[in-house]
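K.L.:
Please see the structure below; I have some questions.
The values are calculated or read from the model by the stated rules, or taken from the named source; none is laboratory data. None of the values given here were measured: they were computed from a predicted structure. Here the Cβ positions follow ideal geometry from the backbone for every residue, glycine too, while neighbour counts run over all protein chains shown. We work out accessible area using only protein heavy atoms, side chains counted, and drop any ligands, DNA or RNA first. Shrake-Rupley method; radii C 1.70, N 1.55, O 1.52, S 1.80 Å.
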Amino acid sequence: LTFETGKSYLLLGASGCGKSTLLNIIAGILSPDSGSVIIDGTDMTRQPLAARDRFRIEKIGYIFQDFKLLEDMTVMDNVNVLRLEGIDTSAAPALLERLGMGERRNKKVRQLSGGQKQRVVIVRALVKQPDIILADEPTGSLNFAIGEEVIRELCEAARGKTLIAVSHDDRLAHYFDYVIDMNTV
C-alpha cells in the first residue's frame, strides 16, 4: 500500500481483518513479520525502537480507539501531557475552540460524553502538527450522527496531512479521498 501526503484514506473491513494492526505497524508500535514501512524514504522497520518512538512522538498524531485519556485530569491537562515529550501545545486552545470544546477545557475528562472525549483525542493528535494522522475507529463508540460530525471535523482538521482512518462503517466513505477494503487486500 502507498499513502500520499495530503490525502485521506479510509480502511474498511470486518473486525479482525488487520486494520488496527496496520495502524500500529505504521506507527512503529508493532513490527511486521515481513515487508517494510517506508516513510519519506526511510525504512522504519530497520530503525531501532528509540528512533521509531521519537518519530511517532514528533511526526504522528494517533487517535486511539479507546481514547487513552487520563479521566481524573482536565481536558487541557490531557493535551498538555505532550509537553513531557517536548511538544509545543500552545495551539491547543484554538483547536479546542475549533472542535467545539473550548468551554470544556477545564472540565475533568470523566465529566465528558463519548463524542467530547473523541474531540479531545483529536485535539491531542493535531496539536503536534503531525505529518501523519492515524485514527483507529474514531467513531466506534459513537452513534452515527455524532460519528459523522466527528469524521467531518477530523477530515477538515487534517487537510494537507496524511490521514489514515480505520472503520467498519462504510457510510463514512464519502468523506475520504480513498477507500481501501481490507477484506480484499
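K.L.:
How many of the residues making up region 32-65 are among the small types (G, A, S) and more than 27 Å from V123 (Cα to Cα)?
P.N.:
4
K.L.:
Give D53, D88 a once-over and let me know the one that is more than 26 Å from G114 (Cβ to Cβ), assigned to a helix (DSSP H, G or I) and among the charged types (D, E, K, R). Give the steps one after another, and end with the answer.
P.N.:
On the way: D88 fails: assigned to a helix (DSSP H, G or I).
Unique residue meeting the criteria: D53.
K.L.:
A follow-up question, please. Give all pairs with beta carbons closer than 7 Å in which a residue from region 108-119 that is within 18 Å of A145 (Cα to Cα) meets a residue that is outside any helix (DSSP H, G or I) and modelled with pLDDT of 90 or more; count only pairs at least 6 apart in sequence or on separate chains.
P.N.:
If the second residue must be outside any helix (DSSP H, G or I) and modelled with pLDDT of 90 or more, the pairs left are Q116/M101; K117/F67; K117/L69; R119/M101.
K.L.:
Keeping to region 54-113, report how many residues are hydrophobic (A, V, I, L, M, F, W, C), over 27 Å from N24 (Cβ atoms) and surrounded by fewer than 13 Cβ atoms within 10 Å (Cβ to Cβ).
P.N.:
1
K.L.:
Further, regarding this structure: Take region 80-126 and flag every residue that is farther than 20 Å from E156 by Cα and in contact with a Lys or Arg (Cβ under 7 Å, 6 or more places away or on another chain).
P.N.:
L82, I87, V109, L112
K.L.:
Tell me, yes or no, whether region 9-25 has at least one residue that is open to solvent by less than 50 Å² (accessible area, probe 1.4 Å) and touching a Phe, Trp or Tyr at 6+ places or on another chain (Cβ under 6 Å).
P.N.:
Within region 9-25, one or more residues are open to solvent by less than 50 Å² (accessible area, probe 1.4 Å) and touching a Phe, Trp or Tyr at 6+ places or on another chain (Cβ under 6 Å).
K.L.:
Ok, one more. Just one of the numbered conditions (1) at pLDDT 95 or above; (2) open to solvent by less than 40 Å² (accessible area, probe 1.4 Å) is not true of G28; which one?
P.N.:
Of the numbered conditions (1) at pLDDT 95 or above; (2) open to solvent by less than 40 Å² (accessible area, probe 1.4 Å), the odd one out for G28 is (1).
K.L.:
Taking the stated definitions as given, is V150 under 17 Å from the mean Cα position of the chain (by Cα), in contact (Cβ under 8 Å) with a residue 40 or more places away in the chain and not in a loop (DSSP other than H, G, I, E, B)?
P.N.:
So V150 fails the test.
K.L.:
Between residues in region 67-96 that are at positive phi and residues that are surrounded by 18 or more Cβ atoms within 10 Å (Cβ to Cβ), which pairs lie under 9 Å by C-beta distance while being six or more apart or on different chains?
P.N.:
F67/V109; F67/K117; F67/Q118; F67/V120; F67/V121; K68/Y62; K68/V121; K68/R124
K.L.:
When you check T184 against the structure, is it open to solvent by 10 Å² or more (accessible area, probe 1.4 Å), without any contact (Cβ under 8 Å) to a residue 12 or more places away in the chain and in a loop (DSSP other than H, G, I, E, B), yes or no?
P.N.:
Considered against the rule, which asks whether it is open to solvent by 10 Å² or more (accessible area, probe 1.4 Å), without any contact (Cβ under 8 Å) to a residue 12 or more places away in the chain and in a loop (DSSP other than H, G, I, E, B), T184 comes out as yes.
K.L.:
Here's something else I'd like to know. Anything in region 41-53 that is touching a helix residue (DSSP H, G or I) at 6+ places or on another chain (Cβ under 9 Å) and either aliphatic (A, V, I, L, M) or surrounded by fewer than 18 Cβ atoms within 10 Å (Cβ to Cβ) (or both)? List them, or say none.
P.N.:
T42, M44, T45, Q47, A51, listed by residue number.
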